[in-house]
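The structure appears right after this line, and notes come after that.
The values are calculated or read from the model by the stated rules, or taken from the named source; none is laboratory data. Worth saying up front: this structure is predicted, and the values here are computed from it rather than measured. Neighbour counts are summed over all protein chains in view; Cβ atoms, including those assigned to glycine, are modelled from backbone coordinates with ideal geometry. The protein model used for the area step is the full one, side chains on, heavy atoms only, and it has no ligands, DNA or RNA in it. Shrake-Rupley method; radii C 1.70, N 1.55, O 1.52, S 1.80 Å.
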Amino acid sequence: MRKMEAPDNQMALPGLDPKGEQRMADARAWVKTHPEEFGWYKSDAKRECARTHDGKASPNRALYGMRIALGIELPNHLAPYLARIAMEQDPSIRMRVAHSDADGYTTAVLK
C-alpha cells in the first residue's frame, strides 16, 4: 500500500500562515538591528513616492537599491515585509503592494 503524503498548506486560512509570521519576525529583527540601513530604505522609498505617477514606491526596487548602495544581502522574500514596516513607521510612505501573507502581521494601511 502506498504511503499517504502529508497535506500541503493549500487550505490554510489567509493571514494565518506561519511562514508569514516567521518572515515578519525576521524582517522586524533585521530592522531593529539595522536602523541606519532601514533609514536609508525609507528615505529612498519617500524619494520614489515623490516622483512616481501613482505616488507609490516599489518594495523590490527599494530593496535592490539598498543592496547596491549599501552592499547589503537580504532575501527577496523580505521585500513585502520591509515595505509594510516602513509604512507602519512612516504613513507618508506608500508602497505598491498586493495583499499577501504579510498582512496579518502589520498595522500598515494599504492604500
Practice task
Of all residues in segment 27-47, count the ones that are buried (at least 17 other Cβ atoms within 10 Å of the Cβ) and not in a helix (DSSP H, G or I).
Solution key: 0
Problem - Filter result (assigned to a helix (DSSP H, G or I) and in contact with a helix residue (DSSP H, G or I) (Cβ under 8 Å, 6 or more places away or on another chain)) within segment 53-66 - result: Pro59, Asn60, Arg61, Ala62, Leu63, Gly65, Met66
Problem - Pair list, Cβ under 9 Å, 6 or more apart: segment 17-41 residue under 13 Å from Pro80 (Cβ atoms), other residue outside any helix (DSSP H, G or I) and open to solvent by 60 Å² or more (accessible area, probe 1.4 Å) - result: Asp17/Asn9; Lys19/Asn9
Fill in the blank from the handout: Residue set Ala50, Ala69; condition open to solvent by 10 Å² or more (accessible area, probe 1.4 Å), in contact with a Phe, Trp or Tyr (Cβ under 8 Å, 6 or more places away or on another chain), over 26 Å from Glu21 (Cβ atoms) and part of a helix (DSSP H, G or I); output residue Ala69
Practice task
Check Met4 against each of (1) at pLDDT 90 or above; (2) more than 24 Å from His99 (Cβ to Cβ); (3) of a type outside the set (Ser, Thr, Tyr) and name the one condition it does not meet.
Solution key: (1)
Problem - Pick from segment 72-111, criterion free of Cβ contacts under 8 Å to residues at least 24 places away in the same chain and small (Gly, Ala, Ser), ranking: surrounded by the fewest Cβ atoms within 10 Å (Cβ to Cβ) - result: Ala98
